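> After the structure tokens below, expect a handful of questions from me.
Bear in mind that the values in this text are calculations on the coordinates, not laboratory data. Here the structure is a predicted model, which means the values were calculated and not measured. Using ideal geometry, Cβ is built from the backbone for each residue, glycine included, and neighbour counts are taken over all protein chains shown.
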Amino acid sequence: MNVLFICNQNQNRSKTAERIFKGKLRTKSAGLYNSNPVNEKQLSWADVVVVMEDAQRSELAKRFPRQYMQKRILSLGIPDIYHYGQPELIKALKSKASGLF
């Protein structure tokens, strides 16, 4: 399964998720508000898109309305308060993603 993890900058949450779920899934990560934001090709690749916050889901709907309607998009509800690889972030990601894919 191809899973694309998305957060604001693709520095902490989505990068950590990409790393910890790699192996179990085919993973990539992207940001919405960075110098190289998520694009149509990345969305097309993904079977499932996982955002960290509901606002990111809304932003995807605005930017990519056609693809948004065709994708399974899950929101984990993880706030932007963590650093890359932080143990508390890893615990939250594993807990919230448990059973989703």
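> Please give the charge dipole size of the range 2-95, origin at the Cα centre, charges +1 on K and R Cβ atoms and -1 on D and E Cβ atoms. Round to the nearest 20 debye. Before the final figure, lay out the partial values.
On the way: 16 positive and 8 negative charges, 73 e Å.
Computed charge dipole of the range 2-95: roughly 340 debye.
> Taking Cα pairs under 8 Å and at least six residues apart, what relative contact order does the chain come out at, in percent?
Details: 167 pairs, mean separation 30.1, N = 101.
Once divided by the residue count of the chain, the mean separation gives 30 percent.
> Tell me, what is a quarter of the convex hull surface for the C-alpha atoms of the range 2-95, in nm² with one decimal? If you can, show how the numbers build up before the last one.
Details: hull surface 21.5 nm².
Approximately 5.4 nm², given one-decimal rounding.
> Still on this structure, please answer the following. For the range 16-24, in order, what is each residue's ³J(HN,Hα) by Karplus, 6.51 cos²θ - 1.76 cosθ + 1.60 with θ = phi - 60°, in whole Hz (x at glycine and Pro)?
5, 4, 4, 5, 6, 9, 5, x, 6
> Using the alpha-carbon atoms, what tilt in degrees (0 to 90, nearest 10) does helix 87-97 show relative to the longest principal axis of the chain?
With both axes taken from Cα atoms, the answer is about 50 degrees.
> Could you work out how far apart the two model spin labels at GLU88 and GLN9 are, taking each label as a point 7 Å from the Cα in the direction of the beta carbon, and quote it in nm?
According to this spin-label approximation, the distance is 1.7 nm.
> How far, in degrees from 0 to 90, does helix 54-63 lean away from the longest principal axis of the Cα atoms of the chain, to the nearest 10?
It is inclined by approximately 30 degrees.
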